[in-house]
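To start, the structure itself, in structure tokens.
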Amino acid sequence: MKPITKKEALVAKLSAQLPSLTDSQRKWAEEHFGQAIAYSNKRNTWCSECGQMFKPYKPEHLVDILQNGEKRVTCPHCGKELKLMEGKYGTIHVDKYYYTIITTMKGFQVFRHYSVDKIARRGGKATFCIDEVVQNWVDEKGKETIIARDVAPLSYYRDVWVMHKDMSIKRKPNSYQIYTYDIDAYHIYPYRHYIPQMKRNGFKGDLLNLPPNVFAKNLLGNNEYEYLLKTNQLSVFRYLANRNDKTIPYKYAINICNRNNYIIKDAGLWYDMMSSLGELGKDLHNPYYICPSNLTSAHNRWLDELRKKREKEERERRIAEAMEWEERYREAKQKFFDLVISNGNIIVEVLKSVKEFEEEGTAMHHCVFACAYYKQDNSLILSAKDMNGNRIETIEVNLKTFTIMQSRGLCNKFTDQHEEIMNLVNTNMNKIQMLAASA
């Protein structure tokens with residue numbers, strides 16, 4: 001798109017003045033990208049770094065067998081330590097990553113995102129293709145201007161970049177691609193530059209595992225987030241930024257926490273607890289309730305009390321209401337009901353009825369039913385089970401931001417499979433986006 005405002009014209013002009021990748025930046029990317037892998041069959045192994053062949057099972061090559069069964073070997077040709085992958089493999093392997101450089105330009109905080117392809121070929125050294133795909137320009141008031149490449153139309157993925165066209169001004173579409181330009185790169189170049197306003201607003205270098213532009217827009221453009229950062233309520237900052245909230249729910253309670261030097265470590269759990277306390281009629285201005293020494297225990301305690309109260313006083317009303325919501329929930333979420341995600345060890349499915357919410361909450365001893373998540377239009381609740389049908393964790397996906405808000409097992413604890421479940425759902429998030437965008 002062509003610039004249509006003075007600010008867009010300025011950003012387009014400044015963008016053209018940005019330097020290309022330096023040799024140091026390119027070298028750092030190549031050294032830190034992609035897992036070094038040895039691809040092995042019954043006869044030979046080839047190294048993804050130098051492309052040479054060697055015998056994997058000689059004692060001097062085998063480095064270690066980790067607790068998870070992962071084997072590590074050393075390539076005798078290039079000396080790199082490699083993860084051993086056994087099976088039938090071809091002669092080429094490609095890894096794709098995002099790489100971000102954080103810099104400044106004429107008062108703008110600039111985030112430059114690169115798509116990196118690492119191409120490993122048998123018989124040759126790994127090569128890299130590094131292309132800039134997105135620039136986020138955030139001014140001192142948190143207003144963002146985007147310069148990016150076009151995205152391939154009708155693509156199954158939302159970030160299939162059209163490399164043969166130049167980057168240009170982009171405006172976020174009102175569709176499931178709205179977060180296409182919020183790049184959360186796994187690798188960020190360590191030498192970073194920030195505008196003074198970032199430091200003024202309390203920034204000390206930690207982006208809180210948020211896309212850098214999302215962090216900067218909230219910090220510079222919303223004094224609510226500045227307040228959270230300066231009071232060290234980092235979990236609340238991250239939680240609300242992921243939800244795209246503009247105001248702080250229960251801010252008076254956050255103030256009380258700060259006066260009592262209480263840092264909320266798990267904002268999702270704390271907000272769930274506050275919801276339970278409010279329904280129980282507890283004093284939400286009392287530090288005894290809102291600043292528990294053990295948040296998980298307090299959350300579970302008030303949840304249990306809430307459950308007992310409802311079972312005793314509101315059983316018939318709750319059942320009637322649940323039946324009333326059954327049809328609404330089915331209408332609202334039916335297009336997700338056929339979604340099944342699996343990696344062969346874990347299967348993740350959408351809860352298909354309010355009754356299933358009750359069964360999930362009862363079995364897992366958490367608040368997915370007690371807090372009536374089936375009423376929330378922008379939440380999609382999924383259940384992760386093993387292949388025998390045993391429940392592992394319950395996942396909440398935000399249908400506005402398409403991020404995982406929380407994934408919790410029995411009594412809201414994280415399980416040994418937590419990271420595997422998170423990776424499985426995040427890998428398949430595009431399927432949820434496509435279903436959400438469908439009529």
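The values are calculated or read from the model by the stated rules, or taken from the named source; none is laboratory data. Computed from a prediction, not measured in an experiment: that's the story for all the values here. FYI the Cβ positions are ideal-geometry reconstructions off the backbone, even for glycines, and counts take in every protein chain you see.
This table checks each residue for (1) touching a Ser or Thr at 6+ places or on another chain (Cβ under 8 Å); (2) of a type in the set (Val, Ile, Thr); (3) part of a loop (DSSP other than H, G, I, E, B); (4) surrounded by 13 or more Cβ atoms within 10 Å (Cβ to Cβ).
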position: 140; (1), (2), (3), (4): no, no, yes, yes
position: 147; (1), (2), (3), (4): yes, yes, no, yes
position: 153; (1), (2), (3), (4): no, no, yes, no
position: 158; (1), (2), (3), (4): yes, no, yes, yes
Output for Cβ contacts, cut-off 8 Å, separation at least six or different chains, first residue assigned by TED's automatic domain parsing to the domain that holds residue 133 in region 180-197, second of a type in the set (D, E, K, R) and not in a loop (DSSP other than H, G, I, E, B), reads 181/170
Criterion first (surrounded by 22 or more Cβ atoms within 10 Å (Cβ to Cβ) and of a type in the set (D, E, K, R)) does residue 204 satisfy it? no
Matching helices (runs of 4 or more DSSP H) fully within region 242-290 where at least 3 residues are within 29 Å of residue 213 (Cβ to Cβ) and in contact (Cβ under 8 Å) with a residue 24 or more places away in the chain: 251-259, 267-280
Quick check on my filter: what residues within region 297-312 are under 19 Å from residue 369 (Cβ atoms) and not basic (Lys, Arg)? 299, 300, 302, 303, 304, 305, 306, 311
Residues 394, 362: which one is in contact with a helix residue (DSSP H, G or I) (Cβ under 8 Å, 6 or more places away or on another chain) and hydroxyl-bearing (Ser, Thr, Tyr)? 394
Residues in region 27-47 that are small (Gly, Ala, Ser) and in a strand (DSSP E or B): how many? 2
Do you know which of the residues in region 175-219 that are within 13 Å of residue 401 (Cα to Cα) and outside any loop (DSSP other than H, G, I, E, B) is modelled with the lowest pLDDT? 176
What about residue 272, is it touching a strand residue (DSSP E or B) at 6+ places or on another chain (Cβ under 9 Å) and of a type in the set (Asp, Glu)? yes
Are any of the residues in region 241-252 more than 24 Å from residue 413 (Cβ to Cβ) and more than 28 Å from the chain's Cα centre (by Cα)? yes
With (1) farther than 19 Å from residue 269 by Cα; (2) crowded, with 16+ Cβ neighbours inside 10 Å as the list, and residue 302 as the residue in question, which single condition is left unmet? (1)
Anything in region 79-100 that is exposed (fewer than 15 other Cβ atoms within 10 Å of the Cβ) and either over 30 Å from residue 184 (Cα atoms) or among the acidic types (Asp, Glu) (or both)? List them, or say none. 79, 81, 86, 87, 88, 90, 91
Yes or no: residue 354 under 25 Å from residue 243 (Cβ atoms), in contact with a Leu (Cβ under 8 Å, 6 or more places away or on another chain) and buried (at least 18 other Cβ atoms within 10 Å of the Cβ)? no
Of the candidates 383, 407, 379, the one satisfying the condition of being in contact with a strand residue (DSSP E or B) (Cβ under 9 Å, 6 or more places away or on another chain), over 18 Å from residue 329 (Cα atoms) and either in the same structural domain as residue 244 (by TED's automatic domain parsing) or crowded, with 16+ Cβ neighbours inside 10 Å (or both) is 407
Here the residues within region 404-423 that are more than 10 Å from residue 384 (Cα to Cα), in contact (Cβ under 8 Å) with a residue 40 or more places away in the chain and among the aliphatic types (A, V, I, L, M) are 405, 410
Quick one: is residue 337 outside the structural domain of residue 265 (by TED's automatic domain parsing) and at pLDDT below 90? no
Selection count, region 198-217, where residues are on the phi < 0 side of the Ramachandran plot, of a type outside the set (A, V, I, L, M, F, W, C) and without any contact (Cβ under 8 Å) to a residue 60 or more places away in the chain: 6
For region 326-438, which helices (runs of 4 or more DSSP H) that fit wholly inside it have 2 or more residues that are within 20 Å of the chain's Cα centre (by Cα)? 418-427, 429-437
